[in-house]
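Student: Please find one structure pasted underneath; my questions will follow.
The values are calculated or read from the model by the stated rules, or taken from the named source; none is laboratory data. A quick note: this is a predicted structure, and the numbers were derived from the prediction, not measured. Please note: Cβ atoms are built from the backbone with ideal geometry, for glycine as well, and neighbour counts cover all protein chains shown.
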Amino acid sequence: MLHGFSRTTLSALIIICLLLISWINLGLKDEEQQPLPVLQQPPLAATGWQFWQSLEGVGVYLRSAGDVNGGYLALRTTSAVYTLKLPATDWAESLKQQLPGNLTGGPALLLIAGPWDELSQKTMAAYAIRSLNLQPLQPLSGRLPVCIQEHLAGALWLGQKLGLEWQVLAALPGTLASTSPSYMPPLPQRSDWDNWRTEQSRSLRQRWQDDRDQIDIQADLAYYRLPEDLYRQLYTQLGQSQKTAPAELLHCLSAAQPQREPSQH
């Protein structure tokens, strides 16, 4: 096909092809390094939780929510969240029938989200506390490491790879330290990170808008003694995050490790 071209023309075509291939490769490489735009996220609405403590010292969180079909009363123990669905009216008998007797005498935190007025919610809480002889639940004394709080998106990604939920990310440094390097997940590519952060942002927003999930979120914030705005911070940081977020977190955690002094001989 090319016998009709002179040697000079062929050389020029080869050079052009090589330049074109180099330009394509360079363009792909540059695209991978380009920062992702900030996600256009709808803001998370205020939740309206109010804290109240019963005469027995049991903590109770109250929130106006639900609809004509009713709402929820939940008991947060040291191991799980027990959520009861209650009707908007005539809720007393339903509450009496649903109270989990296996929690009698144990520590718990109460959360109530429904269409009832504040007095009704406090009456519900008082009845549950006295019927089950509930004791105050002592929150965990763990503290969220600074590196985690500053790199929440990267922490969420690494935590998911290692089987941790967002509310226990305080355990991430220890989990990473005990993880063999061969089991460390490979860092994400640009497109993979963009898809992941978009999906996670949507999931967090949906959970925030659901009354039952909102109870679980508040229960975890209270039990793990996490900052009240942590979920909002996570949501915001996700929208601004780049594929380098996991690597930045690992670097921060590594730099935060105390340096060993050289042994003296």
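Student: Are there any pairs with C-beta distances below 7 angstrom linking a residue in the stretch 84-110 that is farther than 20 Å from P136 by Cβ and part of a loop (DSSP other than H, G, I, E, B) to a residue that is among the hydroxyl-bearing types (S, T, Y) and modelled with pLDDT of 95 or more, with the two at least 6 apart or on different chains, and if so which?
Tutor: Hits for this filter: P87/S94.
Student: Something else now. If you take just the helices (runs of 4 or more DSSP H) that sit entirely in the stretch 155-265, which of them hold at least 2 residues that are touching a strand residue (DSSP E or B) at 6+ places or on another chain (Cβ under 6 Å)?
Tutor: Numbers: elements: 172-177, 190-209, 211-223, 230-240, 245-256.
Because the criterion is at least 2 residues that are touching a strand residue (DSSP E or B) at 6+ places or on another chain (Cβ under 6 Å), the helices (runs of 4 or more DSSP H) in the stretch 155-265 that meet it are 211-223.
Student: Looking at the stretch 155-167, is at least one residue in the same structural domain as L249 (by TED's automatic domain parsing), over 27 Å from Q209 (Cβ atoms) and of a type outside the set (A, V, I, L, M)?
Tutor: Kept after step one, since they are in the same structural domain as L249 (by TED's automatic domain parsing), are these residues of the stretch 155-167: 155-167.
Next, from what is left, pick out any that are over 27 Å from Q209 (Cβ atoms): 162.
Pick out the ones that are also of a type outside the set (A, V, I, L, M) and you get none.
Taking every residue of the stretch 155-167 in turn, none turns out to be in the same structural domain as L249 (by TED's automatic domain parsing), over 27 Å from Q209 (Cβ atoms) and of a type outside the set (A, V, I, L, M).
Student: In the stretch 149-202, which residues are β-branched (V, I, T) and within 19 Å of the chain's Cα centre (by Cα)?
Tutor: V168, T175, T198
Student: In this structure, is P43 surrounded by fewer than 16 Cβ atoms within 10 Å (Cβ to Cβ) and out of contact with any strand residue (DSSP E or B) (no Cβ under 7 Å at 6 or more places or on another chain)?
Tutor: Values: surrounded by fewer than 16 Cβ atoms within 10 Å (Cβ to Cβ): yes; out of contact with any strand residue (DSSP E or B) (no Cβ under 7 Å at 6 or more places or on another chain): yes.
Considered against the rule, which asks whether it is surrounded by fewer than 16 Cβ atoms within 10 Å (Cβ to Cβ) and out of contact with any strand residue (DSSP E or B) (no Cβ under 7 Å at 6 or more places or on another chain), P43 comes out as yes.
Student: Could you grab me the full set of residues in the stretch 110-146 that are of a type in the set (K, R) and within 29 Å of the chain's Cα centre (by Cα)? Let's see the steps before the verdict.
Tutor: Initial filter on the stretch 110-146 (of a type in the set (K, R)): 122, 130, 143.
Residue satisfying the conditions is R143 alone.
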